[in-house]
Protein chains: 2
Amino acid sequence: MTTPDKPLAGLRIIEVSSFIASPLAGLTLSQLGADVTRVDPIGGAADVHRWPVTADGESIYWTGLNKGKRSVTADLRSEDGQALVQRLITEPGAGSGILLTNQAGRSWMSHDTLSALRPDVIVCEILGGSDGSPAVDYTVNAGLGFPMITGPLDQGGVTNHVLPAWDVVCGIYAALAISAAVRRREATGAGAHITLPLEDTALSIASTLGYLTEPQINGHGREGTGNNVYGTYGTDFVTSDGGRFMIVALTPRHFRDLVELTGVSDAVDAVEKALGADFTREADRFTHRSVLNALFEPWFARHTSAEVDAALERSSVLSERYRSFDEVVASGRLATNPLFAELVQPRIGTFLAAGLPAAFDGEHYFTGPAPDLGAHTPT
Amino acid sequence: MTTPDKPLAGLRIIEVSSFIASPLAGLTLSQLGADVTRVDPIGGAADVHRWPVTADGESIYWTGLNKGKRSVTADLRSEDGQALVQRLITEPGAGSGILLTNQAGRSWMSHDTLSALRPDVIVCEILGGSDGSPAVDYTVNAGLGFPMITGPLDQGGVTNHVLPAWDVVCGIYAALAISAAVRRREATGAGAHITLPLEDTALSIASTLGYLTEPQINGHGREGTGNNVYGTYGTDFVTSDGGRFMIVALTPRHFRDLVELTGVSDAVDAVEKALGADFTREADRFTHRSVLNALFEPWFARHTSAEVDAALERSSVLSERYRSFDEVVASGRLATNPLFAELVQPRIGTFLAAGLPAAFDGEHYFTGPAPDLGAHTPT
């Protein structure tokens, strides 16, 4: 065999889980080579029928997040069911003894209980609020500030994100925490009790990116900028046939190219001089974005999307045409991207599904389809 | 010493990097115990002065993403500078030999070149587009579909997200990929060449969450739902004093509590019967969200934010008041959350900064402040 094992080959992970963050963590570990078993109550957890669904009511959501896993169901309120899950988690073997769950607070699968059965157990508990109270992506996000600076400047309200970004980030953090704990256990024999609140995930990123530092240091938080990128030059433009393009000029070269492309060099130079600005500085490009937007807009409004596309293609400017999910699929981009492979998913159909976005030595890691619920329950 | 080492203690990582994804990966590895050195050109990379900045023009952004790292600067266009960086990357030691970069395409620090110097080197390259072309979070997001279903339903345009979600997710994936590759190298001696495009990060998550599966299986992509959560019951309400609350009723119990709280049991029962719906099913709660929103709205409009807060506090309903970043900081939440600790950051000031959101055995991992640019350059 010339291909090395996947990086997390040999690990056996038990996932007692639902919704997004925890199943995504399990899926990611599975893509990296771990053997992951999702445990559900008989009939499935609260997410088993979750939308989106097919015309027949099968959950695209559930199958998407549980690809490549085994599925065990048990009556988790019975002693037998609990003993079964404990046995699965603490079974002997260097790679087993790992629990991933978003259902903390059950004493029969607490770190205390499990570490008494297997001292080197690794338990990763994904929580909601920082204090362990229930919380979901949308409530965490509402309490943190982002919806107040998202969306049109004149709306006077709040705009929720659509991507459950905190769930996704939290899930990948959980996979990372388990991977790092495994590395330490293999070196020292020590287990780990990892706790990871969704709210702390969001607070940590908001802190690292400066959103929570600005009020402390500058006395006020960031304000909304609509579709303009904060701190550099970037915005969206509408073309003569109603297409929309996102444009980002991150470097002086990008900006110079954008100015030339749109044929407004004289006007931009004059404005730069009159305002005492220096457009080689991204701060100045950001500060004067409204003037710049107004200078660039007419060129986009005069040209079709195809013309804009062709001109941008020849320049260094970072740009992308706004596309719908339908257009992404119709474009054929998935078929030509080695990140995608055909997946035959029972109950759902055959379609192109993505593997792990990180390729190892050029290889994209895929898992098989999601299991039938309970398909691997010991008999 | 009773505290076990941090999980990635002993690793030495060289980061040739800028912007968000790659520095965030380095920061995260540093939080987990790795010794991370960021290498920059003399004077700093393109992100060295990036906004947000303090009143004195010091970058809150740069310091936030480079906490706890060493800083080496070198003339990366000179042979001497390149040789220095190669030596740093390939220096002997079980934990060294790891490069994290978003600047692929330089032959002197390619995986080919470095693995000739140290066969077990781990190189993680963060790319932009799937094909390696330049791309940033905002352009990737525009091309993928999310902005078309974000924001008010009547706006007729596109809404960019504010959080650079793909950068963040990509950065945590990169940290995970390196951690997993280290685990494999410690077991087998094999290095790794990891490539991770920002665009593939976004495509993979969009695929896993079903956004790219729906057009393939159901024939059409998801449509916008404004501030309503897709597939279950959740939306925002305005109170009598202009406060806003995000409400999510994920389970039948949450929903029952919301109905009782707002005093519209009779109306909800009548509507349920008349529409042939079953509001114990989240799909039905989602399908009939407009009617439900209209039934609940008056209660919120009649009560102050304090009254709404108190009533929600007593119920199981998942809820959060929308807050600005200023309000988050002013609330005192950071000071009471062990995720935060005071950081004395030269050039910026003293403030509460978050550590790693995952706690190991109850311990939150923090790093020190960001270095002065070039402070650790070998002399």
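See the values below:
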quantity	calculated
Options A:Thr139, A:Thr159; residue that is of a type in the set (Val, Ile, Thr), assigned to a loop (DSSP other than H, G, I, E, B) and in the same structural domain as A:Asn102 (by TED's automatic domain parsing)	A:Thr159
Those residues of region B:1-58 which are of a type in the set (D, E, K, R) and within 23 Å of B:Ala358 (Cα to Cα), in sequence order	B:Asp5, B:Lys6, B:Arg12, B:Glu15, B:Asp35
Residue within region B:254-270 that is more than 7 Å from chain A (Cβ to nearest Cβ) and at pLDDT below 95 present	no
Members of region A:227-241 that are under 23 Å from the mean Cα position of the chain (by Cα) and aromatic (Phe, Trp, Tyr)	A:Tyr230
Residues located in region B:306-323, provided they are of a type in the set (S, T, N, Q) and surrounded by fewer than 20 Cβ atoms within 10 Å (Cβ to Cβ)	B:Ser315, B:Ser316
B:Gly349, sole failed condition from (1) under 30 Å from B:Gly43 (Cα atoms); (2) more than 9 Å from chain A (Cβ to nearest Cβ); (3) surrounded by fewer than 18 Cβ atoms within 10 Å (Cβ to Cβ)	(2)
Selection status of B:Ala116, aliphatic (A, V, I, L, M), under 27 Å from A:Pro338 (Cβ atoms) and surrounded by 18 or more Cβ atoms within 10 Å (Cβ to Cβ)	no
Among residues of region A:354-379, those that are aliphatic (A, V, I, L, M) and surrounded by fewer than 18 Cβ atoms within 10 Å (Cβ to Cβ), counted	1
Search result, residues across region B:88-127 that are in a strand (DSSP E or B), over 21 Å from B:Ala74 (Cα atoms) and in contact with a Lys or Arg (Cβ under 8 Å, 6 or more places away or on another chain)	B:Ile122
Subset of region B:178-196 that is in contact with a strand residue (DSSP E or B) (Cβ under 9 Å, 6 or more places away or on another chain) and more than 7 Å from every other protein chain (Cβ to nearest Cβ) - its residue that is nearest to A:Leu163 (Cα to Cα)	B:Ile178
Any hit, region A:318-333, residues being touching a residue at least 12 places away in the same chain (Cβ under 8 Å), away from chain B (no Cβ under 14 Å) and of a type outside the set (Val, Ile, Thr)	no
Flag for A:Ala104 being under 23 Å from B:Ala249 (Cα atoms), surrounded by fewer than 23 Cβ atoms within 10 Å (Cβ to Cβ) and of a type in the set (A, V, I, L, M, F, W, C)	yes
Region A:222-246 residues that are more than 7 Å from every other protein chain (Cβ to nearest Cβ), paired with ones that are of a type in the set (Asp, Glu) and surrounded by fewer than 19 Cβ atoms within 10 Å (Cβ to Cβ) (beta carbon under 7 Å, 6 or more apart)	A:Phe237/A:Glu297
Test: A:Thr336 is within 10 Å of chain B (Cβ to nearest Cβ) and exposed (fewer than 13 other Cβ atoms within 10 Å of the Cβ)	yes
Close pairs from region B:169-196: first closer than 23 Å to B:Pro134 by Cα and at pLDDT 95 or above, partner in a loop (DSSP other than H, G, I, E, B) and hydrophobic (A, V, I, L, M, F, W, C), Cβ under 7 Å, at least 6 apart	B:Gly171/B:Ile20; B:Tyr173/A:Ala358; B:Ala177/A:Ala358; B:Ile194/A:Ala358; B:Leu196/A:Ala358
Out of B:Gly171, B:Gly210, sole residue that is more than 7 Å from chain A (Cβ to nearest Cβ) and among the small types (Gly, Ala, Ser)	B:Gly171
Which numbered condition A:Trp299 misses (of (1) surrounded by fewer than 17 Cβ atoms within 10 Å (Cβ to Cβ); (2) hydrophobic (A, V, I, L, M, F, W, C); (3) more than 14 Å from every other protein chain (Cβ to nearest Cβ))	(1)
Pair list, Cβ < 7 Å and 6+ apart or interchain, from region B:275-291 residues that are under 17 Å from A:Ser59 (Cβ atoms) to residues that are of a type in the set (Asp, Glu) and surrounded by fewer than 13 Cβ atoms within 10 Å (Cβ to Cβ)	B:Asp284/B:Asp278
Among residues of region B:197-207, those that are more than 8 Å from every other protein chain (Cβ to nearest Cβ) and of a type outside the set (A, V, I, L, M, F, W, C), counted	1
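The values are calculated or read from the model by the stated rules, or taken from the named source; none is laboratory data. As the structure is a prediction and not an experimental result, all values here were calculated from the model. Cβ: placed from backbone, ideal geometry, glycine included. Neighbour counts: every protein chain shown.
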